[in-house]
1. So if I check each of I34, I11, which one is at pLDDT below 80 and of a type in the set (V, I, T)?
2. Is it true that L39 is buried (at least 19 other Cβ atoms within 10 Å of the Cβ), at negative phi and touching a residue at least 40 places away in the same chain (Cβ under 8 Å)?
3. Please return the ranges of helices (runs of 4 or more DSSP H) entirely within the range 62-174 where 3 or more residues are modelled with pLDDT of 80 or more, of a type in the set (A, V, I, L, M, F, W, C) and in contact with a Ser or Thr (Cβ under 6 Å, 6 or more places away or on another chain).
4. Residue under question is A234, and the condition is that it be of a type in the set (G, A, S) and farther than 26 Å from L6 by Cβ; does it hold?
5. Suppose we filter the range 222-263 for residues that are closer than 22 Å to Q201 by Cα and touching a strand residue (DSSP E or B) at 6+ places or on another chain (Cβ under 9 Å); how many remain?
6. Criterion first (among the aromatic types (F, W, Y), surrounded by 11 or more Cβ atoms within 10 Å (Cβ to Cβ) and either in contact (Cβ under 8 Å) with a residue 12 or more places away in the chain or under 14 Å from D143 (Cα atoms) (or both)) does F68 satisfy it?
7. Among (1) more than 29 Å from I244 (Cβ to Cβ); (2) touching a helix residue (DSSP H, G or I) at 6+ places or on another chain (Cβ under 7 Å), where does I70 come up short?
Amino acid sequence: MLDFLLTSDAIMALLTLTFLEIILGIDNIVFISIAANKLPEHQRAKATNIGLILAMVQRIILLFFVSFLISLSEPFYIFENSWLHLALSWQGIILFAGGLFLIYKSTSEIREKVETPSHDEDAVKGKKIKSLSQAIVQIIIIDFIFSIDSILTAVGMTNGLSSNHNYNLVLMIIAVVISIIIMIVFANPIRKFIDAHPSIQMLGLAFLILIGFMLITEAAHLSHTSVFGNEVGAIPKGYLYFAIAFSLFVEFLNYRITRNKKP
């Protein structure tokens with residue numbers, strides 16, 4: 001286990017996944033804050049921390065469930081004709097559906113942030129909360145909605161790193177725990193930084209499109225899909241790491257240029 005966690009691929013996946021989990025968790029922090037702010041001031045911090053801890057537990061449970069489905073790699077149906085061949089398995093179906101969901105979720109989020117940036121905040125503000133228990137229930141519901149893309153991102157970043165699914169699961173859990181701890185400790189500074197630099201969150205959503213596309217191609221590869229005799233290959237994760245690192249480097253340069261121009 002330790003040998004796997006210390007490999008360069010596992011370390012890169014852990015760093016990238018932790019970063020993406022934090023970026024994807026920003027909206028979660030905002031909505032949790034809105035729900036908690038409806039309580040008396042002495043209960044707000046308690047509601048936020050309990051909500052984030054329950055969010056972590058909820059995501060770990062979902063990771064176990066999704067990881068179990070991903071382990072079902074034996075094909076249960078083989079389709080073949082003159083130009084198409086594929087062997088359907090639950091692993092392929094989950095990855096394919098997850099990829100489609102990530103692409104849909106990220107593109108719709110980008111459109112919503114451009115056209116109606118306060119839509120989700122207004123929806124949360126409209127819900128009545130009178131007690132700590134009501135706030136926590138509301139936070140759990142909010143987090144469940146935001147957990148799905150987080151879990152699918154974790155699967156996309158770790159699937160195929162190790163033939164042992166338990167190793168990949170441990171890596172995903174470590175990334176989720178680290179990201180939640182960082183959000184608990186640095187929630188407000190991170191939120192303020194993202195508010196001041198919204199392009200960072202746009203980058204995170206754009207990365208989801210890449211990960212979604214990678215999940216779809218990986219599903220096709222694992223299903224041994226071939227079209228007109230040409231089998232679909234897997235996209236090496238190194239390409240994804242390079243795209244993310246290069247985009248962040250460009251964003252960093254843009255940040256430095258903008259800051260230096262300020263009087």
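1. On the way: I11 fails: at pLDDT below 80.
From the options I34, I11, the qualifying one is I34.
2. Details: buried (at least 19 other Cβ atoms within 10 Å of the Cβ): yes; at negative phi: yes; touching a residue at least 40 places away in the same chain (Cβ under 8 Å): yes.
Spelling it out, L39 is indeed buried (at least 19 other Cβ atoms within 10 Å of the Cβ), at negative phi and touching a residue at least 40 places away in the same chain (Cβ under 8 Å).
3. On the way: elements: 90-115, 119-125, 132-158.
No helices (runs of 4 or more DSSP H) qualify here.
4. Numbers: of a type in the set (G, A, S): yes; farther than 26 Å from L6 by Cβ: no.
Judged against the criteria, A234 is not a match.
5. Total satisfying the criteria: 0.
6. Details: among the aromatic types (F, W, Y): yes; surrounded by 11 or more Cβ atoms within 10 Å (Cβ to Cβ): yes; either in contact (Cβ under 8 Å) with a residue 12 or more places away in the chain or under 14 Å from D143 (Cα atoms) (or both): no.
So F68 does not fit the description; no.
7. Result: I70 fails condition (1) only.
Conditions (1) surrounded by fewer than 17 Cβ atoms within 10 Å (Cβ to Cβ); (2) in contact (Cβ under 8 Å) with a residue 24 or more places away in the chain, marked per residue:
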| site | (1), (2) |
| --- | --- |
| F144 | yes, yes |
| S150 | no, yes |
| N164 | yes, yes |
| F186 | yes, no |
| P189 | yes, no |
| H197 | yes, yes |
| Q201 | no, yes |
| F207 | no, yes |
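The values are calculated or read from the model by the stated rules, or taken from the named source; none is laboratory data. Given the structure is predicted, the values throughout are model-derived calculations rather than measurements. Counting neighbours? That spans all protein chains shown, and the Cβs are built from the backbone with ideal geometry, glycine included.
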